[in-house]
Amino acid sequence: MFLQGMDKKGRPITVAFGGRHFHNKGGLEKFKRFTVFALEKLCSRMPAGQEKFVVICDLEGWRYANSDIRAYLGALSILQV
């Protein structure tokens, strides 16, 4: 994931490359910490009064080997809280 500045409405932009994701040997807890870190970085770059951000996800090269269902479910559980 990379932070790439702001869009025309002042929302921070992040770019994620799905084809570069591989299973992490650190386990689910390490991925959850990364997810919280990435969201915290996005929120810290938001100007006052802004509540949205933009995510651009590039799925070129993404395949079954890059799919990590447990990590995706862990990230979704963080977003639902």
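Could you give me the residue pairs with C-beta distances under 9 Å whose first residue belongs to segment 19-48 and is closer than 14 Å to Met1 by Cα, whose second residue is at pLDDT 80 or above and among the polar types (S, T, N, Q) wherever it lies, and which are 6+ apart or on separate chains?
Here the result reads Ala38/Thr14; Lys41/Thr14; Leu42/Thr14, each pair linking segment 19-48 to a residue that is at pLDDT 80 or above and among the polar types (S, T, N, Q).
Tell me, yes or no, whether segment 36-43 has at least one residue that is in contact with a strand residue (DSSP E or B) (Cβ under 6 Å, 6 or more places away or on another chain), at pLDDT 75 or above and assigned to a helix (DSSP H, G or I).
The answer is yes; a qualifying residue exists.
Pick from segment 13-35 the residues that are of a type in the set (Lys, Arg) and in a helix (DSSP H, G or I): which of them is modelled with the lowest pLDDT?
Going through the qualifying residues, I end up with Arg20.
Scan segment 1-12 and report the pairs whose first residue is within 9 Å of Arg45 (Cα to Cα) and whose second residue is of a type outside the set (Ser, Thr, Tyr) and outside any strand (DSSP E or B), with Cβ atoms within less than 7 Å and a gap of 6+ or a chain change.
From segment 1-12, the pairs are Arg11/Gln50; Arg11/Lys52; Arg11/Phe53; Pro12/Leu42; Pro12/Arg45; Pro12/Met46; Pro12/Phe53.
Can you name the residue in segment 1-12 that is assigned to a loop (DSSP other than H, G, I, E, B) and either among the acidic types (Asp, Glu) or under 23 Å from Leu73 (Cα atoms) (or both) and is also modelled with the lowest pLDDT among such residues?
Met1
Just give me the residues in segment 46-81 being surrounded by 12 or more Cβ atoms within 10 Å (Cβ to Cβ), modelled with pLDDT of 85 or more and over 12 Å from the mean Cα position of the chain (by Cα), in sequence order.
Answer for segment 46-81, where residues must be surrounded by 12 or more Cβ atoms within 10 Å (Cβ to Cβ), modelled with pLDDT of 85 or more and over 12 Å from the mean Cα position of the chain (by Cα): just Met46.
The values are calculated or read from the model by the stated rules, or taken from the named source; none is laboratory data. Model, not experiment: these values are computed from the prediction. Cβ atoms come from the backbone with ideal geometry, glycine included; neighbour counts cover every protein chain shown.
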